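One structure below.
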Amino acid sequence: ENLSNNLERELEMVKLVKAINETDNWVVITDPSGIIEYANTTVQEITGYSKDEVIGENPSLFKSDKHNNKFYDNIWQTIKSGEVFNDVIINKKKNGDYFYSEQTITPIKDHNGEIINYISVGRDITQNEKLRRKIEYISNYDILFCLPNRKFIRNKIDNLIEVNSDAK
């Protein structure tokens, strides 16, 4: 009876770990001080760092120069107080490239309400950012001649008129 329960639980765990590993989202689990204890295979696919290079490190490994310290302080204040943090973070890959990650960092508490882990789940939205820029370009430029189109020029003129009327 007990043996089959244990076996069932173990199979559940195997399924869970497989699911976490196979997901498109990056999953990083840290201890309360922020040291990485677990990283799924997606972390390697997105960042170029192997699991061995990541485990035992601090998530600042992925830190880019695109956010100020206040931004990171805010993350820590939020999660240390037991709240969930959610925002887009610009991180850096091993090769130095930037990637946009929609991050959710969740504090995990034990039965006493003490934080024992943080789970960071991220979605690489770099493609979305590239698409957004492409859409913006397409809407403002003539694709054939790579020249600003009527909409772009009209906006520029409107802005100039606005600036000049503000100056008076």
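Counting 0.36 nm for each residue step from residue 72 to residue 6 and taking away their Cα separation leaves a gain of 19.6 nm. Each residue of the range 146-163 is assigned a 3J(HN,Hα), and the resulting list reads 6, 10, x, 8, 4, 4, 4, 5, 4, 4, 4, 4, 4, 5, 4, 4, 4, 4 Hz, derived from the Karplus form 6.51 cos²θ - 1.76 cosθ + 1.60 (θ = phi - 60°), x at Gly and Pro. Here the chain yields Rg over Rh of 1.17, to two decimals, using C-alpha coordinates and the Kirkwood radius. The charge dipole of the chain, taken about its Cα centre with unit charges on the Cβ atoms of Lys, Arg (+1), Asp and Glu (-1) only, comes to about 1080 debye.
Taking all protein chains into account, the per residue accessible area for the range 5-86 stands at 65 Å² (1.4 Å probe).
For the pair residue 147 and residue 21, the difference between a 0.36 nm per residue extended length and the Cα-Cα distance amounts to 40.8 nm.
Would you work out the relative contact order for the chain, in percent, from Cα pairs under 8 angstrom that are 6 or more residues apart? For the chain, the relative contact order is 17 percent. With springs only between Cα atoms under 10 Å, which of 109, 80, 134 fluctuates most in a Gaussian network model of the chain? Looking only at 109, 80, 134, the largest GNM fluctuation is found for 134. Taking 0.36 nm per residue of sequence separation and removing the Cα-Cα distance, the residue 65/residue 155 pair yields an extension gain of 29.2 nm. Accessible surface ranking for 163, 121, 1.4 angstrom probe, highest first: 163, 121. Beyond a 28 Å Cα-Cα separation, which of these cross-linked pairs lie in this structure: 18/134; 18/94; 80/134? Pairs exceeding the cut-off: 18/134; 80/134.
Each of 91, 144, 78 was scored by the projection of its Cα onto the charge dipole of the range 49-168, and the greatest displacement toward the positive side belongs to 144; charges sit on the C-beta of Lys, Arg, Asp and Glu.
Would the range 82-143 count as rounded, prolate or oblate if I go by the C-alpha gyration tensor, calling it rounded below 1.5 in a/c and otherwise prolate when a/b exceeds b/c, oblate otherwise?
prolate
In this structure, residue 37 and residue 166 have a Cβ-Cβ separation that, at R0 = 45 Å, corresponds to a calculated FRET efficiency of about 0.25.
The values are calculated or read from the model by the stated rules, or taken from the named source; none is laboratory data. No experiment lies behind these values; they were computed from the predicted model shown. Heads up, the Cβs are rebuilt from the backbone with ideal geometry, glycines too, and the neighbour counts pull from every protein chain shown. Ligands, DNA and RNA are excluded from the accessible area calculation, which covers all protein heavy atoms including side chains. Shrake-Rupley method; radii C 1.70, N 1.55, O 1.52, S 1.80 Å.
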